[in-house]
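The values are calculated or read from the model by the stated rules, or taken from the named source; none is laboratory data. Since we're looking at a predicted model, the values are computed, not measured. With ideal geometry, Cβ positions are generated from the backbone for all residues, glycine too; neighbour counts draw on all protein chains shown.
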Amino acid sequence: MDLTLNRWRILILSTLINLCVGAIYAFSVFAGPLQEAHGWSRAVVMMAFTINGAISPIPMILGGKLVDRGGAKLAILLGGSMFGIGFFLTGLSNTPWMLYLSYGVLTGLGQGIAYSGTIGNTIKLFPDKKGLAAGIVTAGYGGGTIIAAPIAGYLIQSSGVASAFNTMGVVYLIIIIGCGLFIKVAPAGYQPVGWTPPSTIHNTSNSGQSLRWTEMVRQPKFYIIAVLFMIGALSGMMVASNASAIGQSMFSLTAVAAAYYVSLYSLSNCLGRVFWGAVSDRLGRYNALICIYGVIAAMLLLIALTTSTVGFAVALIGIGLCFGGTMGVFPSLVAEKFGMKYYGINYGVTFIGYSMAAFFGPRIAAQVADAHNGDFTQAFYIALAISLFGILLALFFKWYENRNRTVTLKNKAA
């Protein structure tokens with residue numbers, strides 16, 4: 001074992017990297033200025049964000065394959081380079097297809113590959129604290145907008161949206177490469193000193209069995225997990241992509257004020273990943289998800305009914321916390337259900353749930369807003385209904401797993 005390996009230092013570096021690639025959630029700050037600068041419609045601009053999220057399983061799988069082969073560092077450096085260059089080139093885009101290729105494809109591929117490197121390596125370094133570690137490292141991804149939104153707002157006002165993309169792209173490239181060079185890869189089968197893996201006799205989580213992705217997709221629970229992932233991320237993606245527009249069109253905020261609300265949402269997203277990740281370690285993944293979906297439904301009802309900026313802020317905080325919780329819980333859930341040996345690829349394949357949310361969430365919101373003069377209320381009700389279905393599905397999955405556990409124990413006793 002590498003005695004010089006400091007897993008907490010690697011966790012910090014990975015979190016800093018995710019703070020950079022997490023800037024994709026600040027897109028709502030750029031969307032309006034891009035519309036004004038080029039005369040594009042909201043739907044045209046938001047398609048770049050939709051493409052960025054929709055292709056995410058591809059880089060997650062590619063990066064996951066590198067992680068499983070001991071190439072987490074390469075994934076981070078390669079993905080980080082693509083992300084920074086893609087962000088820079090977005091500032092040079094003067095046609096929709098250039099925007100889609102630079103921000104949608106290149107930046108999307110880069111952030112996914114880098115993210116799979118940080119999360120895959122971290123989970124393997126913290127088998128004893130999966131939920132907490134996943135929460136912290138993904139908090140960087142969710143918290144990137146806290147820094148990016150106000151900086152982007154300032155740069156856009158002072159030098160224009162193109163220059164903002166150029167400047168931030170260069171800075172992100174430098175930071176990611178700088179941190180990535182000091183990342184160390186988790187040794188195969190790594191176990192922290194003094195930690196003993198828990199017995200698998202009393203559970204059916206496959207903790208002692210690692211499944212290849214081809215075996216994983218043949219199991220019904222894979223599809224349940226993917227749908228639960230989509231449900232948890234849908235409202236978060238809907239709000240993340242339109243937070244600034246919602247604040248301006250429904251609550252009469254200025255563009256500058258709306259940018260700070262975007263940062264508030266991102267801060268909640270960031271904290272939610274750590275909070276719900278730790279909660280899921282104690283209460284269990286299913287119980288945590290049931291709570292998450294319940295809070296999401298309540299906050300969507302609030303944002304649909306409220307007319308005050310206070311209500312808007314409370315709803316943003318609640319939805320942000322739960323979106324972050326979704327992203328913090330599922331890395332651990334996938335690790336527990338399908339094992340660690342092929343975790344990188346398996347999580348990438350399961351990320352199809354997030355991809356569905358990224359595709360449908362922003363599109364539903366944009367189409368509803370365009371049809372109702374900037375009013376997103378009907379989109380909130382759609383997402384609310386989906387969240388309520390998520391509670392029922394999580395309860396069913398919990399019952400399904402408990403039934404399988406009981407059957408397994410009876411068979412062992414016989």
How do the pairs read when you match residues in region 397-414 that are more than 18 Å from TYR286 (Cβ to Cβ) and exposed (fewer than 13 other Cβ atoms within 10 Å of the Cβ) with residues anywhere that are of a type outside the set (S, T, N, Q) and modelled with pLDDT under 80, using Cβ under 8 Å and keeping only pairs 6 or more apart or on different chains?
LYS412/ILE201
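Return a yes/no flag: does region 270-281 have any residue that is over 30 Å from GLY32 (Cα atoms), among the β-branched types (Val, Ile, Thr) and touching a Gly at 6+ places or on another chain (Cβ under 7 Å). Talk me through it step by step, then tell me what you get.
From region 270-281, those over 30 Å from GLY32 (Cα atoms) are 274-281; that's our starting set.
Narrowing the set further to residues that are among the β-branched types (Val, Ile, Thr) leaves 274, 279.
Restricting the remaining residues to those that are touching a Gly at 6+ places or on another chain (Cβ under 7 Å) gives 274.
Looking for residues that are over 30 Å from GLY32 (Cα atoms), among the β-branched types (Val, Ile, Thr) and touching a Gly at 6+ places or on another chain (Cβ under 7 Å), one finds at least one in region 270-281, hence yes.
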Hey, any hits in region 1-16 for a residue that's buried (at least 18 other Cβ atoms within 10 Å of the Cβ) and closer than 27 Å to PHE376 by Cα?
no
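Looking at LEU267, LEU283, LEU305, LEU300, which is the one that is aliphatic (A, V, I, L, M), out of contact with any Ser or Thr (no Cβ under 8 Å at 6 or more places or on another chain) and within 25 Å of PHE27 (Cβ to Cβ)?
Details: LEU283 fails: within 25 Å of PHE27 (Cβ to Cβ); LEU305 fails: within 25 Å of PHE27 (Cβ to Cβ); LEU300 fails: out of contact with any Ser or Thr (no Cβ under 8 Å at 6 or more places or on another chain).
Residue meeting the stated conditions: LEU267.
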Condition first: among the aromatic types (Phe, Trp, Tyr) and more than 14 Å from ASN242 (Cα to Cα). Now tell me which residues in region 349-373 satisfy that.
PHE351, TYR354
Failed condition for THR307, given (1) hydroxyl-bearing (Ser, Thr, Tyr); (2) buried (at least 22 other Cβ atoms within 10 Å of the Cβ); (3) not in a helix (DSSP H, G or I), with all others met?
(2)
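Would you mind finding the one in ALA278, ALA288 that is assigned to a helix (DSSP H, G or I), at pLDDT 90 or above, farther than 24 Å from ALA365 by Cα and not charged (D, E, K, R)? Even if it seems obvious, please write down each step before you answer.
Details: ALA278 fails: at pLDDT 90 or above.
Of ALA278, ALA288, the one residue that is assigned to a helix (DSSP H, G or I), at pLDDT 90 or above, farther than 24 Å from ALA365 by Cα and not charged (D, E, K, R) is ALA288.
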For the structure I just gave you, tell me whether VAL45 is under 19 Å from the mean Cα position of the chain (by Cα) and among the aliphatic types (A, V, I, L, M).
no
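Which of the residues spanning region 339-359 are of a type outside the set (Ser, Thr, Tyr), part of a helix (DSSP H, G or I) and more than 15 Å from the chain's Cα centre (by Cα)? Even if it seems obvious, please write down each step before you answer.
Initially, region 339-359 is screened for residues of a type outside the set (Ser, Thr, Tyr), giving 339-341, 344-346, 348-349, 351-353, 356-359.
Filter once more, keeping what is part of a helix (DSSP H, G or I): 344-346, 348-349, 352-353, 356-359.
Hits for region 339-359 are GLY344, ILE345, ASN346.
Which members of region 338-352 meet the condition of being closer than 15 Å to ILE51 by Cα and either buried (at least 24 other Cβ atoms within 10 Å of the Cβ) or touching an Asp or Glu at 6+ places or on another chain (Cβ under 6 Å) (or both)? Before the answer, list the steps.
Kept after step one, since they are closer than 15 Å to ILE51 by Cα, are these residues of region 338-352: 351-352.
Answer for region 338-352, where residues must be closer than 15 Å to ILE51 by Cα and either buried (at least 24 other Cβ atoms within 10 Å of the Cβ) or touching an Asp or Glu at 6+ places or on another chain (Cβ under 6 Å) (or both): just PHE351.
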